[in-house]
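Everything on this sheet refers to the single structure shown next.
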Amino acid sequence: VAGVALGMALLAAPAVAQEATVYATASVDGYDTNIALVGTSVRAGGLGLQPMASLQAYRLGYETSGTDVTVWALTPSVGLQQRFESGSLEARLGYSFQSQSEDDVGASPIVEGEGGGSGVVTAVQGNYWGGVPELQGIASFSWESDYLWSQAQALVPVASLGRGRLSVGAEGVWQGHLGDEGDYESNQIGPILKFSTGGNSAITVGGGRKDSNTNDPTWYARA
C-alpha cells in the first residue's frame, strides 16, 4: 500500500519536477551464467531529500548439476534519495517476485541481492561525481536467502570525444550468503571503460576475473 501511494504521488507531481532513469545490462561468465536486465526509476527533481520508486526485471540463465535453469524476476521498490551538488545517497525497500523458489533445483545465483526465491530486498547506493575519481558503491540484501551483493567502482576521465567523455577505471564485486547460510561466496574484479555522450546517457563495458568457493577461477564480461 505504501509503495502504491508513493508511486501515485510521484506520478501526480508536475512532469517538470520529475527525474527518470532507464538502464539495461547484459553479462556472461565462464560458469555459463548469463543475465539480461532492464530497470527504471523515477524521483522528484531537485536537490535535497526526495521520494523515489523503481521497477526492475531480469532473465537469468545458469547451469546446475547438468541442468539448464532459467529464472524470471520482477522487483518493484520504493525509497528515498538525498541529492547533493556532487553526489547522491539512496535507500530502497522492495519485493522480488521470482519464478523459482529456494526449494527448486539449486538456489539461483543472486543478482544485485536478488535470488534464491521471492522475498524482501533492501538496497543502499552512493554516487560521487564532484571530482576525480568518480565513485559508486552499491549494497543489496535479500532477506529470503540471507544473501548480500555489493559492488564498488572508480572512474577517471582520460579523453574528450566531441561532446562526450571517455573514462577508465576498475570495479570489484563481492557476494555471498551471510549468517548460517554461509555456503557460497564469490568475488570479481576487473577494468571498466565508460563513454558518456554528454547528452544524459552513457555506456559502460567491463570484464575480468571471477572467483568462487565452489568453482575454479573464470572470466566475466558485461555491458
**Study point:** Cα-projected label distance for Arg163 with Leu193, points at 7 Å along beta-carbon direction, nm
**Key:** 2.3 nm
Point to revise | Cα pair distances in the range 36-101, grouped into 5 Å bins until the bin that holds the longest one, percent each | key: 4, 15, 20, 16, 13, 11, 8, 6, 4, 2, 0
**Study point:** Linear extension gain, Leu49 paired with Ala24, 0.36 nm per residue minus alpha-carbon span
**Key:** 6.4 nm
Exercise for review: Mind ranking 203-212, 90-99, 154-163 by how tightly packed they are, going by the mean number of other C-beta atoms within 10 angstrom, highest first?
Suggested key: 90-99, 203-212, 154-163
Check your understanding: When the chain is fully extended, how far beyond the present Cα-Cα distance does Trp72 get from Leu93, taking 0.36 nm per residue of separation?
Key -> 5.6 nm
Practice item. Classify the range 133-223 as rounded, prolate or oblate, taking a ≥ b ≥ c as the square roots of the eigenvalues of its Cα gyration tensor: rounded when a/c is under 1.5, otherwise prolate if a/b is larger than b/c and oblate if not. Key: prolate
Point to revise | Estimated FRET transfer efficiency (Asn200, Thr64; beta-carbon r; R0 35 Å; 0.05) | key: 0.30
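Here, each number is a calculation from the coordinates, and none is a lab measurement. It should be emphasised that the depicted structure is a prediction, and the values quoted were computed from it without experimental measurement. Note that we place each Cβ from the backbone using ideal geometry, even for glycine, and neighbour counts take in every protein chain shown.
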